[in-house]
Structure formats: C-alpha cells, structure tokens
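What follows is a set of notes on a single structure, which appears directly below.
The values are calculated or read from the model by the stated rules, or taken from the named source; none is laboratory data. Every value quoted in this text rests on a predicted model; they were computed, and no experiment measured them. Virtual Cβ from ideal backbone geometry, glycine too; neighbours counted across all protein chains shown. Each accessible area value is taken on the protein alone, full model and side chains, heavy atoms only, with ligands, DNA and RNA left out. Shrake-Rupley method; radii C 1.70, N 1.55, O 1.52, S 1.80 Å.
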Amino acid sequence: MSGDPGSAWATLAGVTVARSTALAAVVALLASACSVLDTSAEAEVPATSSSIATTTTAPVPIVAAPSTTTTTEPVGPPRALVTPTGVVVPIRGGGPGAWIVGTPCHAEAVIADGEPIHRVTVLIDPGHGGDDEPGAVGAGGLQEADLNLDVARRLQVALAERGIDSALTRPADYRIAVISRAELASAIEPDVFISVHHNGGETAVFDAPGVEVFHQSFSEGSRRLGGIVFEELMAAFEPLDATWVGGPLHGVSYRLNRDDEDLYGVLRRPTGVDTVLTEAMYLSNPSEEALLEDPAVLDLEAEALARAIERFLATDDPGSGYIDPTTFRGDLGPGGGTGGCEDPPLE
C-alpha cells in the first residue's frame with residue numbers, strides 16, 4: 001500500500017462521501033485492464049501499457065456521508081468491517097474485541113474494533129490497486145487503478161443522491177486480491193456488485209465509444225444489469241468529442257475460460273450476487289485518456305452508472321447491446337492473485 005490510509009478512513013463505514021470532498025480528492029488523485037481476471041490463481045489482466053512509467057499517489061482521506069444519506073437498516077450481525085485504518089474486510093467469525101476477518105491479501109487476522117457493515121445495496125469494486133497492480137497506464141501517465149477509484153467514489157455520491165447506499169471493496173490505493181473482492185461480495189450480499197474498470201490493448205478506430213460490459217454467464221439478473229449499464233454508458237459518452245477506438249468485444253457479453261467457467265474471477269466467484277464488470281473507455285487511447293483527465297467526464301460516467309443501477313433496481317428494463325459470448329484459452333498472467341501480496345495496516 002502507498003502509505004497508511006489514516007484514521008480518517010474509519011468514518012467511511014461503507015457509504016457515500018460528500019460531493020465537494022470527493023471532487024477535491026479526485027483532483028489530487030489525478031494530479032499525482034483488469035483486476036478481476038483469473039484462472040485458478042485469481043489472475044488479473046496485466047497492464048497493457050507496461051512499458052510506460054507509472055506514478056503513485058498517496059491515499060486521499062474521505063469524510064463521513066451527509067446525515068441525509070439513506071442507508072440500509074442493520075439486519076442481523078455485521079457482515080464486514082471498516083477497520084480503524086479504513087480498510088474494508090469481510091467478517092469470518094469472532095465478535096467485538098476480537099473480530100476474525102479476511103484481509104485484502106486473503107489471509108486471516110484478528111482485530112479489536114471496526115465500523116460494522118451489516119448490508120449495503122450496492123458494492124462498488126475499483127479494479128486494480130497498489131504499487132504492484134496499476135492496471136492500464138495511458139500515454140500521459142494516467143493509471144487505471146487511480147481512475148477506477150476516482151470513478152467509484154463519484155459513483156457513491158451519485159447513488160447517495162438517489163437514496164441508494166453503497167460501499168467500496170477498496171476505499172484507498174492498496175492491493176486487494178480478486179478472491180478477497182469476491183469474498184466481500186459474498187459476505188455483504190448486495191443487490192448489485194459492480195467492478196469498475198477502464199480498458200487498454202489492441203484496438204481499431206470506432207465510430208462510437210468502444211464500451212464493453214461483462215456479466216455472469218449463469219445469472220439472468222447480471223445479464224439484464226449489464227445491458228442497462230451499457231445503454232447508459234453509451235448514451236453518456238456518444239455526445240463527447242473524441243477519436244473513439246474499440247475491439248470485437250464491444251457490447252454486453254460473458255467470457256469463459258478453458259474450463260467453460262466465467263473467465264473473470266470477480267464474476268465467477270460471487271454466486272447469488274448480480275455482478276457486472278465495466279470497461280468504460282480505452283485509457284490506452286490518447287484521445288480517450290484526455291477525456292478521462294476531465295473531472296466533468298468522470299462525473300458523466302459515474303452518473304451513467306448510478307442511473308443504470310437505479311433502473312435495474314426499480315424497473316424490469318431488459319437492457320440492450322448483447323453480443324455472443326467468447327472463450328479465452330490463453331495465459332492471463334499472475335495479476336489479481338495473492339502471491340507477493342502485502343496487506344495494508346488494519347489497526
């Protein structure tokens with residue numbers, strides 16, 4: 001982890017942040033793909049621009065949500081904790097004074113205290129994180145891990161404005177294994193689990209934004225959520241002035257591995273939780289990177305995701321943009337696993 005998140009993180013409690021604080025944090029973060037791919041070792045897509053130097057950014061403190069924020073009423077025992085240092089961890093056992101929790105690197109620890117999370121409606125997963133897993137890196141130096149966290153924080157604000165409570169799997173810049181992201185989702189059991197990413201890699205010039213959304217192969221709810229998310233992202237991005245790029249996976253689909261299971265571990269592992277993964281723009285495309293450096297564009301993305309989630313929860317809209325699934329039989333590399341992972345301080 002790049003620095004200690006600090007005690008100010010303990011107030012996060014898995015809900016939203018005030019818009020003014022979020023925007024200030026974003027500017028600092030920007031000044032300074034995919035964390036869900038795995039095979040048997042929770043492999044994550046390696047950064048597609050690995051030859052470009054990356055930058056690191058110290059975590060930015062987050063303040064408590066406004067008192068007007070609507071949150072889910074506690075039901076039953078807590079399922080996760082925000083530790084005194086602001087790290088969100090699933091509860092595996094124990095109780096007050098000696099909570100047994102899963103760590104971001106999928107180890108086990110005992111902590112004395114923490115802010116309980118009983119349940120939230122939406123769990124937001126900012127892909128990548130930490131010095132070792134920046135994700136894709138744009139030609140101008142913008143790192144996907146920072147960008148994903150930035151959009152995730154803005155999404156919390158947009159959801160709160162709609163009365164929808166949420167939590168982050170990764171509230172700061174530290175590494176978290178794919179299996180740990182999925183464990184949090186399984187523990188909290190939100191109505192929606194969304195993994196936020198931005199793309200990189202080989203592309204061709206497109207006449208429209210090359211948005212990709214991936215859903216669980218086994219979940220009709222996940223598929224419908226993916227179609228709605230795709231519609232909202234496309235509607236938000238199409239009016240923007242850019243030289244768009246895209247690839248053959250433009251649209252809404254699922255991808256299988258060589259065992260005919262979902263390729264993306266963050267989709268495969270949380271059974272019973274409607275989950276989607278978004279690849280909103282191509283960070284590797286300089287024209288789109290320039291857009292993603294604009295806070296107003298990040299607000300557009302966050303608002304589009306919030307509208308999609310609201311539609312999914314409140315309507316039976318079927319969504320659109322569905323394409324045929326594909327199977328990936330290559331080597332995804334070691335990213336997203338637990339090897340060499342070092343946990344951030346929990347207390």
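Kindly establish whether G129 is in a loop (DSSP other than H, G, I, E, B) and open to solvent by less than 10 Å² (accessible area, probe 1.4 Å).
yes
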_Return the residues of region 156-173 that are in contact with a strand residue (DSSP E or B) (Cβ under 6 Å, 6 or more places away or on another chain) and either open to solvent by 20 Å² or more (accessible area, probe 1.4 Å) or small (G, A, S) (or both); say none if nothing qualifies._
S166, A167
_Among (1) crowded, with 19+ Cβ neighbours inside 10 Å; (2) in contact with a strand residue (DSSP E or B) (Cβ under 6 Å, 6 or more places away or on another chain), there is one condition Y322 misses while meeting the rest; what is its number?_
(1)
_Selection count, region 174-189, where residues are over 21 Å from G339 (Cα atoms) and open to solvent by 10 Å² or more (accessible area, probe 1.4 Å)_ = 3
*With the condition kept exactly as written, say whether any residue in region 248-259 is under 25 Å from A160 (Cβ atoms) and crowded, with 20+ Cβ neighbours inside 10 Å.*
no
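Residue-wise test of (1) modelled with pLDDT of 95 or more; (2) farther than 17 Å from Y174 by Cα; (3) assigned to a strand (DSSP E or B); (4) open to solvent by 10 Å² or more (accessible area, probe 1.4 Å).
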| position | (1), (2), (3), (4) |
| --- | --- |
| A65 | no, yes, no, yes |
| T68 | no, yes, no, yes |
| E73 | no, yes, no, yes |
| P77 | no, yes, no, yes |
| P84 | yes, no, no, yes |
| V89 | yes, no, yes, no |
| P104 | yes, no, no, no |
| P116 | yes, yes, yes, yes |
*With respect to L263, determine if the residue is out of contact with any Lys or Arg (no Cβ under 8 Å at 6 or more places or on another chain), of a type in the set (A, V, I, L, M, F, W, C) and open to solvent by less than 30 Å² (accessible area, probe 1.4 Å).*
no
*Looking at region 301-319, which of its residues are open to solvent by 70 Å² or more (accessible area, probe 1.4 Å) and in a loop (DSSP other than H, G, I, E, B)?*
D316, P318
*With respect to E202, is the statement that it is at pLDDT below 95 and open to solvent by 20 Å² or more (accessible area, probe 1.4 Å) true?*
yes
*Tell me which residues, restricted to region 266-297, are of a type outside the set (S, T, N, Q), surrounded by fewer than 24 Cβ atoms within 10 Å (Cβ to Cβ) and farther than 20 Å from E202 by Cα.*
R268, R269, G272, V273, D274, E293, D294, P295, A296, V297
*Between residues in region 151-163 that are of a type outside the set (A, V, I, L, M) and residues that are at pLDDT 95 or above and part of a helix (DSSP H, G or I), which pairs lie under 8 Å by C-beta distance while being six or more apart or on different chains?*
R154/L298; R154/D299; R154/E301; R154/A302; E161/A306; R162/A306; R162/E310
*asked:* Cβ contacts < 6 Å: first residue of a type in the set (D, E, K, R), restricted to region 170-192; second residue in a loop (DSSP other than H, G, I, E, B) and open to solvent by less than 10 Å² (accessible area, probe 1.4 Å), any location; separation 6+ or different chain. Result?
replied: R170/G129; R170/I176; D173/G129; R175/G129; R175/G130; R181/T169
